Amino acid sequence: MKKTTSEFLLYNSIFGLFVGGSYIVASLVFFWSGKNISLNPQLNNIILMLTIAGIFLGVKKFRDDHLEGIISYGKSFSTGIYILTIASFLYALYIFIFYTSDPDLMERFKKVMLSILKQVYGNTPLYETFEKSIQSFLYPASIAVGEFLNKLFFGIILTLFLAGILRKRVS
């Protein structure tokens, strides 16, 4: 099968949208069940598992269906990063829209952040500085950018490992 850039982009974009969609569904399930989606370790763990499964299945399927079962470490890594970037961008866009459409959710996010900082820093001057910063600089766009970078950073670390597992050389 001929290996083309457009084939790579199309196939992996669709898979990235699928992975990003699974992040959104997981988030909505938490939200609709009354659980907090802001700084929720349970949701983060589920998204981490979805990331591992999504990258693994996406790269493996691309390797087997479009590369005749042979893929280098570099191609495996770049495929995983591409899928991850699309998924992270879609989730960040969702987060931006979600927090923009519900001002109450934004206020709850700020309260959660402040309560965590209060536990860590107590009544120190550092807490007061962070409190002012959160009130001044925390907006839906900054949360979305943070989510994008968070998913991308941890995904890159996972992809380094998964690319080694998925690479397959000519026998």
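What accessible area per residue comes out for the chain, rounded to a whole number of Å², with a 1.4 Å probe? Could the numbers behind the result be given before it?
Working: 9790 Å² over 171 residues.
Roughly 57 Å² per residue, with all protein chains present.
What residue among 22, 56, 112 has its Cα farthest toward the positive end of the dipole of segment 1-115, where the charges are +1 on Lys, Arg and -1 on Asp, Glu, each on the Cβ?
56
What percent do you get for the relative contact order of the chain when only Cα pairs under 8 Å and 6+ apart count?
Working: 159 pairs, mean separation 57.6, N = 171.
Computed value for the chain: 34 percent relative contact order.
What percentage of the solvent-accessible surface of the chain, computed with a 1.4 Å probe over protein heavy atoms, is contributed by carbon and sulfur atoms? Could you put the intermediate results ahead of the total?
Numbers: 6850 of 9790 Å².
Taking all protein chains in place, the chain shows 70 percent carbon and sulfur surface.
Connecting C-alpha atoms closer than 10 Å in a GNM of the chain, tell me which of 122, 20, 54 has the biggest fluctuation.
In this elastic network of the chain, the residue with the biggest mean-square fluctuation among 122, 20, 54 is 122.
Just add up the charged neighbours of residue 162: K/R +1, D/E -1, any other residue whose Cβ is under 12 Å from the Cβ of residue 162.
On the way: positive: 60, 63, 167; negative: none.
Here the charged neighbours net out to +3.
How large are Rg and Dmax for segment 29-154 when calculated on the C-alpha trace, in angstrom?
Both quantities, over Cα of segment 29-154: 18.4, 61 Å.
How large is the helix-only mean residue ellipticity at 222 nm for the chain, computed as the sum of -39500 (n - 2.57) over DSSP H runs with n ≥ 4, divided by its residue count, in deg cm²/dmol to the nearest 500?
Numbers: 6 runs with 142 residues, N = 171.
Computed ellipticity for the chain at 222 nm equals -29000 deg cm²/dmol.
Once you list every other residue whose beta carbon is under 11 Å from the beta carbon of residue 36, what net charge do they have if Lys and Arg are +1 and Asp and Glu are -1? Working shown, then result.
Details: positive: 35, 108, 111; negative: none.
Value of the local net charge: +3.
The values are calculated or read from the model by the stated rules, or taken from the named source; none is laboratory data. Since this is a predicted model, take the numbers as computed values, not measurements. Reconstructed Cβ throughout: ideal geometry from the backbone, glycine too, with neighbour counts over all protein chains shown. Heads up: the accessible areas ignore ligands, DNA and RNA and are worked out on the full protein's heavy atoms, side chains in. Shrake-Rupley method; radii C 1.70, N 1.55, O 1.52, S 1.80 Å.
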